[in-house]
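S.K.: Got a structure for you, written out below as structure tokens; questions coming shortly.
No lab work stands behind these numbers, since they all come straight from the coordinates. Only a predicted model underlies this, so the values are computations on that prediction, with no experimental measurement involved. Positions of Cβ are generated from backbone atoms using ideal geometry, with glycine treated the same way; all protein chains shown enter the neighbour counts.
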Number of protein chains: 2
Amino acid sequence: MTHPRAAVHELVAPVAEGLQRVNDILRAQLSEDSAAVRDMTDHVGRFQGKQLRAALVLLSGEATGNSTDEHAAVAAIVEMIHLATLVHDDILDGALVRRRVACINQRWDNQVAVLLGDFLYARAFALSTELSSRLCSRVLAETTRRLCVGEIEQSARRYDFELEQAAYEAVSGAKTASLYSAGCELGARYPGGNEELGRDLAAFGWNLGLAFQIVDDCLDVVGSQDVVGKTLGQDVEDGKVTLPVLFTYGRADEALRAEIRDVFTRPGLERRAERLRAACDLGPGVEYAMARARALIDEAKARIAGLSESRAKQAMGAIAEFVLTRNW
Amino acid sequence: MTHPRAAVHELVAPVAEGLQRVNDILRAQLSEDSAAVRDMTDHVGRFQGKQLRAALVLLSGEATGNSTDEHAAVAAIVEMIHLATLVHDDILDGALVRRRVACINQRWDNQVAVLLGDFLYARAFALSTELSSRLCSRVLAETTRRLCVGEIEQSARRYDFELEQAAYEAVSGAKTASLYSAGCELGARYPGGNEELGRDLAAFGWNLGLAFQIVDDCLDVVGSQDVVGKTLGQDVEDGKVTLPVLFTYGRADEALRAEIRDVFTRPGLERRAERLRAACDLGPGVEYAMARARALIDEAKARIAGLSESRAKQAMGAIAEFVLTRNW
């Protein structure tokens, strides 16, 4: 079996050179005269991860014949916004381990995590205002707003076991898919024009991003922490009722429903996710959610089917498939 | 004695109509389809306060003969960025009361405060990308970066009793004066050109903002909570060593220095600010700091002395003086 990181590396090979430039830009953007800031941003470098979002900006540009000199900067900005949400998410989720690196808010404190996230957002917007076209600033400011609204909605819907699947998808989409969507749209459209292609690529990104989030939600309840490399069971701790749980709850009798609610809500309970797995068979719920993710990936691929064949298009299809098999 | 809020109201009379438009824009910007978001933004409306920053954008435009239809939007954006920093500051400071309204992070929780601040930043940037000129986005993205760096630096310099006054001013300036400076610069320059006037007005805003912060720091150690209307003594709780304390510490003998450090750092101590006032005479330190604020206000007024006389210029001078006498 190939190591997942190696697999991703192969998938993004068509834009390897561009990703190098993205990382050069990130390094330059995160360097500051302030030693206190450098201490923090050094640490953020270690969050970097798969950079799938940046790769998809570049691949969307290549696959639509729309690559410019500024695409690497656009990709770096998307990546910085993603990093900002990760840093602020660590405050939100109280997650203990992310990508096997101590979280910012564990090594420092909540205050510093808030500021570092703000700094990353500010850097991202500042860089976007230096580009020749305003399209990047416009799309990403609006996307950041949607992202925040999604997170706020998610927070408001905690412990809501009656959540409709459509509402779950709207919230997960705003929270996760919107940045994938914006990145792919910008890849196809930046610096402007190309609106129809932009819509197709935005839809590719949206469907892929939503599938990504659904797989993430499945991993959170049934994944193996050793393989995935971040604290799991966090959604149950935080009261986030995700698709596999919604499905399970919807099919349960009243006694089991009461038990599931109890596992989520009884004060002081420990290892809630483990207890949830013991209380009910999550298998059918995970199967249902994964089938939904499969359908979303098919829809994503359909939206780029019309593009002429290229290594970039092929890579996008492979990344879409990879989202379904990932276990990182 | 006039009530401070009434006094501010009179000071900004020359731009009262513009401020009305600013508030219409703010209301529209903060309205969202999401009920969860509306719950929060309704609450933010009550943070509104003096809107000095917005008023200074408009006054700087009037005083330099540079008012445009978009000045109200620029002022609203500056105000939203300020609101975002206030909301995130409440996480930072753990302040219990601000402007006599329960803090966001008391009524909801830290997670929601992070998200609401992010939402306000995103809204501000999104609105700035809709303006005809990019100058507002550029100046404010860079200002937000400086603001974050200032906050991070301040956090790193906690419990640093050897802090030089210049370093204290650099940090306080980045944290507070930079947004005043950017607002006044944009008032004089937006949508572009006018660079020399922009520099003068930026300097006016910087000096006024730094004086504002110094007065704030004095109020925090010796103000009356009933009059000021927000939790005081918070800087001492948070380990922020401000100018009146730095001065006092610098003149103290080794025994008193040890006592001051102890008041700041001994674990579990309550009512630290009160104990600090009991341990030493802060009077000369406050006097020194207020003299510095006086000098900064004189410098601010000197930077606009060359402008032709107008109600707006007069109001700016009066606001500058008001900063020194404020006790809100």
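S.K.: Give the separation of the Cα centroids, the range B:158-175 to the range A:187-265, in Å.
M.R.: If we compute the Cα centre of each part, the gap is 45 Å.
S.K.: Shifting gears a bit: How large, in Å, is the range A:202-264 by the Kirkwood hydrodynamic radius built from its alpha-carbon pairs?
M.R.: 13.0 Å
S.K.: Related question: Tell me the net charge near A:Arg311. Cut-off is 14 Å between Cβ atoms, A:Arg311 excluded, with +1 for each Lys or Arg and -1 for each Asp or Glu.
M.R.: -3
S.K.: Another question, if that's okay. So the label point sits 7 Å from Cα along the Cα-to-Cβ vector; using that for A:Arg266, what distances do you get to the other copies, in nanometres, sorted shortest first?
M.R.: 4.4
S.K.: About its Cα centre, how strong a charge dipole does the protein assembly as shown have in debye, to the nearest 20, once Lys and Arg get +1 and Asp and Glu get -1 at the Cβ?
M.R.: The calculation lands at about 20 debye.
S.K.: Here's a follow-up. For A:Glu195, B:Glu62, B:Glu287, which order do you get if you count the other beta carbons within 10 Å of each Cβ and list the fewest first? List each step's numbers first, then the result.
M.R.: Working: A:Glu195 10, B:Glu62 21, B:Glu287 13.
Ordered by Cβ neighbours within 10 Å, fewest first: A:Glu195, B:Glu287, B:Glu62.
S.K.: How would B:Glu164, A:Glu321, B:Glu270 line up from fewest to most surrounding beta-carbon atoms within 10 angstrom?
M.R.: Ordered by Cβ neighbours within 10 Å, fewest first: B:Glu270, B:Glu164, A:Glu321.
S.K.: What is the dipole size for chain A, taken about its Cα centre, with +1 at each Lys and Arg Cβ and -1 at each Asp and Glu Cβ, in debye to the nearest 20?
M.R.: Numbers: 38 positive and 47 negative charges, 64 e Å.
Magnitude of the dipole: close to 300 debye.
S.K.: Report the normalised scattering of the range A:4-325 as log10 I(q)/I(0) at q = 0.08, 0.14 Å⁻¹, calculated by the Debye formula with identical scatterers on the alpha carbons.
M.R.: Debye output, listed in q order: -0.36, -1.11.
S.K.: Residues with beta-carbon under 12 Å from that of B:Val22, excluding B:Val22: net charge, scoring Lys, Arg +1 and Asp, Glu -1?
M.R.: Here the count lands on -1.
S.K.: Taking the range B:36-92, how much of its Cα-Cα pair set, in percent, is spaced more than 19 angstrom apart?
M.R.: Of all Cα-Cα distances in the range B:36-92, 37 percent exceed 19 Å.
S.K.: Output the pairs from A:Lys50/A:Lys175; B:Lys50/B:Lys175; A:Lys175/A:Lys313; A:Lys240/A:Lys313 with a Cα-Cα distance over 30 Å in this structure; if there are none, say none. Before the final figure, lay out the partial values.
M.R.: Values: A:Lys50/A:Lys175 18 Å; B:Lys50/B:Lys175 18 Å; A:Lys175/A:Lys313 26 Å; A:Lys240/A:Lys313 35 Å.
As for pairs spanning more than 30 Å Cα to Cα, those are A:Lys240/A:Lys313.
S.K.: Here is a follow-up. For peptide B:27-37, how many partner chain Cβ atoms fall within 10 Å of a residue's Cβ, on average?
M.R.: 3
S.K.: Rounded, prolate or oblate for the range B:181-328? Axes are the square roots of the Cα gyration tensor eigenvalues, ordered a ≥ b ≥ c, and the cut-off for rounded is a/c under 1.5. Can you show the working numbers first?
M.R.: Values: a/c = 2.66, a/b = 2.53, b/c = 1.05.
Here the range B:181-328 falls in the prolate category.
S.K.: How about the range A:164-226: which chymotrypsin sites (Phe, Trp or Tyr not before Pro) there lie in a loop by DSSP and see at most 11 other Cβ atoms within 10 Å?
M.R.: none
S.K.: Enumerate the whole-percent occupancy of each 5 Å bin, from 0 to the last occupied one, for all C-alpha pair distances of the range B:161-256.
M.R.: 3, 13, 17, 18, 16, 12, 9, 6, 3, 1, 1, 0
S.K.: Return the average number of partner chain Cβ atoms within 10 angstrom of each residue Cβ along peptide B:135-144.
M.R.: Per-residue shielding by partner chains comes out at 5.
S.K.: Moving on. How large is the convex hull of the Cα atoms of the protein assembly as shown per residue, expressed in Å³ as a whole number?
M.R.: That works out to 157 Å³ per residue.
S.K.: To the nearest whole number, what is the average tally of beta carbon atoms from other chains within 10 Å of the beta carbons of peptide A:252-265?
M.R.: 0
S.K.: What number in nm² do you get for the range A:146-200 if you take the convex hull of its Cα atoms and divide its surface by four? List each step's numbers first, then the result.
M.R.: On the way: hull surface 16.8 nm².
Dividing the Cα hull surface by four gives the mean projection, 4.2 nm².
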